[in-house]
Structure formats: structure tokens, C-alpha cells
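Here's the structure, in C-alpha cells; my notes come after.
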Amino acid sequence: MGRKVVITGGSSGIGFAAARNFAEQGDQVVICGRDEAKLERAVAEVEGLSAAQVDVSDQAQVEEFFERVGPVDVLVANAGVCEQARLDDDDSDDVWRRAMQINVDGVYFCLKAVSKTMPDGGNIITVSSGLGKNARAGYEAYTASKHAVLGLTKCVALELAPRSIRVNAVCPGWVDTPMSQADVVESARRAGVDAEDFRRAAVGSIPLGKMVVPQDVADLIAFLASEKAGAITGQSYNISCGEFFN
Ligand code: NAD
């Protein structure tokens with residue numbers, strides 16, 4: 001019958017590719033997100049998906065969802081936001097709070113709730129970022145939030161190891177998704193250059209000369225959730241076409 005898999009932010013980008021992968025191997029996949037129309041479109045596209053409207057930054061909603069869904073074999077804590085704000089930008093405090101509420105609190109709430117009923121041998125994969133280990137000016141909130149995800153991942157891995165629950169993180173570089181497409185537009189605006197020119201130059205600076213695609217990250221997530229990764233816990237894996245080493 002397959003495993004029960006929950007993927008937050010599963011209606012687009014990396015989360016959707018991961019959901020499709022698990023569904024194709026016969027797992028029962030529940031995707032969660034805030035936008036009902038996006039969730040419906042995703043469910044219509046892939047057989048074997050179901051959806052739940054959950055805002056991961058709302059602890060009551062997260063707890064109610066995991067109580068309703070019952071024991072989960074695999075959680076992919078993927079939902080996140082990425083907004084640029086330099087310290088002197090007018091909206092930097094709001095950007096900071098949103099990053100902490102969604103990228104940090106949201107992952108913490110999901111890990112806490114799922115751990116209550118996850119069976120022994122379960123799996124948790126968090127989605128951090130290359131910026132979870134590195135830094136870029138203007139991405140203070142996002143970078144700090146993704147560093148926090150890695151700290152949380154390591155501690156929870158130690159805490160759940162006695163139950164043979166493995167907890168690992170993926171750290172993608174630049175992945176072609178709605179998030180990065182919006183970020184390119186914003187970066188180009190800030191640099192005062194054309195978005196397509198900015199994108200071309202940025203891709204050219206990646207050692208492999210291409211962006212990561214969501215399927216690449218989905219395949220790494222599928223591996224970490226498989227028995228083949230049975231000796232791996234508390235780790236984080238870069239997937240960046242050579243952009244990041246640490
Ligand atoms: P995306 O925007 O397609 O996916 C993010 C998903 O999270 C969206 O479906 C969004 O609706 C959902 N989401 C946002 N806030 C939420 C909330 N409060 N509750 C529930 N769902 C919420 O972008 P993506 O690139 O696929 O991002 C997935 C993850 O990958 C994110 O955590 C992101 O930080 C990380 N990541 C992306 C890149 C990249 O270059 N695209 C690089 C490194 C890490």
C-alpha cells in the first residue's frame with residue numbers, strides 16, 4: 001500500500017516534484033499549502049495525491065492537521081519563503097518576521113507535531129538551502145532562517161535516533177521554481193538591469209553552467225527517505241551544480 005508521505009509546500013516547485021516522485025512509487029502522498037486553488041491544480045495533475053490547506057506558521061493548524069492525518073512515515077518539511085531585504089530597507093523587519101515565522105517556526109511546528117505519532121523507522125527531510133551554510137548580502141532573514149533549519153535538523157536527528165527515525169536536510173543551490181523566478185526579478189530590479197540578462201549572467205557563473213531543476217532535488221529527497229540511506233541521519237546535502245562547497 002506504500003508509505004504515508006506528507007509534503008509541506010507541495011503544490012509547486014521542489015515540493016511538487018517530490019510529491020510526484022513519491023506518488024509514482026506507490027506512496028500515499030498528502031501535500032499541504034495555503035493556496036487552495038494551487039493545491040487543487042496539483043492534485044488534478046498527479047494521480048495518488050491528496051491535499052490539505054495548512055499554514056505551517058500557525059501551530060494550531062499544524063497540530064490539527066497531523067492529528068487528523070494520523071501516523072506519517074515520511075515528512076518533507078519543504079514550505080518556505082524567500083524575500084530579499086537589506087538592513088536599511090523599510091520592510092526589513094517584516095521580511096525578517098515572515099522568514100522566521102514560516103521557515104523556522106513552520107518547520108519546528110511540523111517536526112514537533114509529526115514526531116508524536118511517527119512510527120519507528122520513519123523519515124524526516126527538511127529543505128534548507130545553500131544559504132543555510134553560506135551567506136549573501138541582502139538575504140539576512142532567509143539566510144538566518146535556513147541556518148536555523150540545519151541546527152534544528154541535527155538536534156531532532158539526535159532526539160529521534162533511538163526510534164530509528166532518520167532526519168536529514170537538503171541544501172539546494174539555485175533551483176528553477178516560482179520562488180527563484182521571483183527572486184531573479186527582484187535582484188534585477190535592485191541591480192537596475194534586465195531580468196533576463198541578470199538570469200543569463202547568474203547561470204553562467206554556476207560551475208556546471210545550469211540551474212538545478214526541481215526533479216534533481218526530488219530525487220535526492222527520495223534517496224534520503226529510502227532504505228538505501230539507512231545509515232544516514234543528522235546530515236545535510238548540497239545540491240547546487242557546484243555553486244556551494246560548504
Ligand atoms: P515555491 O515557491 O514553488 O515553493 C514554496 C512552497 O511553500 C509554495 O507552494 C508556497 O505556497 C508554500 N508556502 C509558503 N509559505 C507557506 C506557509 N506558511 N504554509 C504552507 N505553505 C507555504 O519554491 P521552491 O523553490 O520549490 O521552494 C521550496 C523550498 O526550497 C523552500 O523552503 C525554499 O526556501 C527552498 N529552496 C529553494 C531554492 C530555489 O532556488 N528555488 C534554493 C534553496 C532552497
Study note, to complete from the structure: Condition set more than 7 Å from the ligand (Cβ to nearest atom) and among the small types (G, A, S), scope region 168-197, selection farthest from C155 (Cα to Cα): answer is G192
Review point. Based on what the data block shows, is A188 open to solvent by less than 30 Å² (accessible area, probe 1.4 Å), assigned to a helix (DSSP H, G or I), out of contact with any strand residue (DSSP E or B) (no Cβ under 6 Å at 6 or more places or on another chain) and more than 21 Å from G80 (Cα to Cα)?
Key: yes
Exercise for review: Return the residue satisfying two criteria in turn: it lies in region 80-96 and is free of Cβ contacts under 8 Å to residues at least 12 places away in the same chain and part of a helix (DSSP H, G or I), and of such residues it is farthest from the ligand (Cβ to nearest atom).
Suggested key: D93
Exercise for review: Go through the residues of region 46-59 one by one and say whether even a single one is out of contact with any helix residue (DSSP H, G or I) (no Cβ under 6 Å at 6 or more places or on another chain), over 17 Å from A141 (Cα atoms), at pLDDT 95 or above and within 11 Å of the ligand (Cβ to nearest atom).
Suggested key: yes
Check your understanding: Does region 132-149 contain at least one residue that is buried (at least 22 other Cβ atoms within 10 Å of the Cβ), away from the ligand (no atom under 13 Å from the Cβ) and assigned to a loop (DSSP other than H, G, I, E, B)?
Key -> no
Exercise for review: Determine whether region 115-124 contains at least one residue that is within 15 Å of the ligand (Cβ to nearest atom), modelled with pLDDT of 95 or more and not β-branched (V, I, T).
Suggested key: no
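Please determine, by comparing only the residues of region 60-79 that are part of a loop (DSSP other than H, G, I, E, B) and open to solvent by 30 Å² or more (accessible area, probe 1.4 Å), which one is farthest from S129 (Cα to Cα).
Top of the filtered list is P71.
Scanning for something of a type in the set (S, T, N, Q), over 22 Å from A23 (Cα atoms) and in the same structural domain as A137 (by TED's automatic domain parsing), does region 161-177 turn up at least one residue?
Here is the first cut: in region 161-177, the ones of a type in the set (S, T, N, Q) are 164, 168, 177.
Still in the running and over 22 Å from A23 (Cα atoms): 164.
With the extra rule that they be in the same structural domain as A137 (by TED's automatic domain parsing), the set shrinks to 164.
There is at least one residue in region 161-177 that is of a type in the set (S, T, N, Q), over 22 Å from A23 (Cα atoms) and in the same structural domain as A137 (by TED's automatic domain parsing).
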Check your understanding: Taking region 63-79 as the region of interest, how many residues are over 20 Å from S180 (Cβ atoms), within 14 Å of the ligand (Cβ to nearest atom) and touching a Ser or Thr at 6+ places or on another chain (Cβ under 9 Å)?
Key -> 2
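The values are calculated or read from the model by the stated rules, or taken from the named source; none is laboratory data. Note that the structure is a prediction, hence the values are computed from the model and not measured. Backbone-built Cβ (ideal geometry, glycine too); neighbour counts: all protein chains shown. Heavy atoms of the whole protein, side chains included, go into the accessibility calculation; ligands, DNA and RNA do not. Shrake-Rupley method; radii C 1.70, N 1.55, O 1.52, S 1.80 Å.
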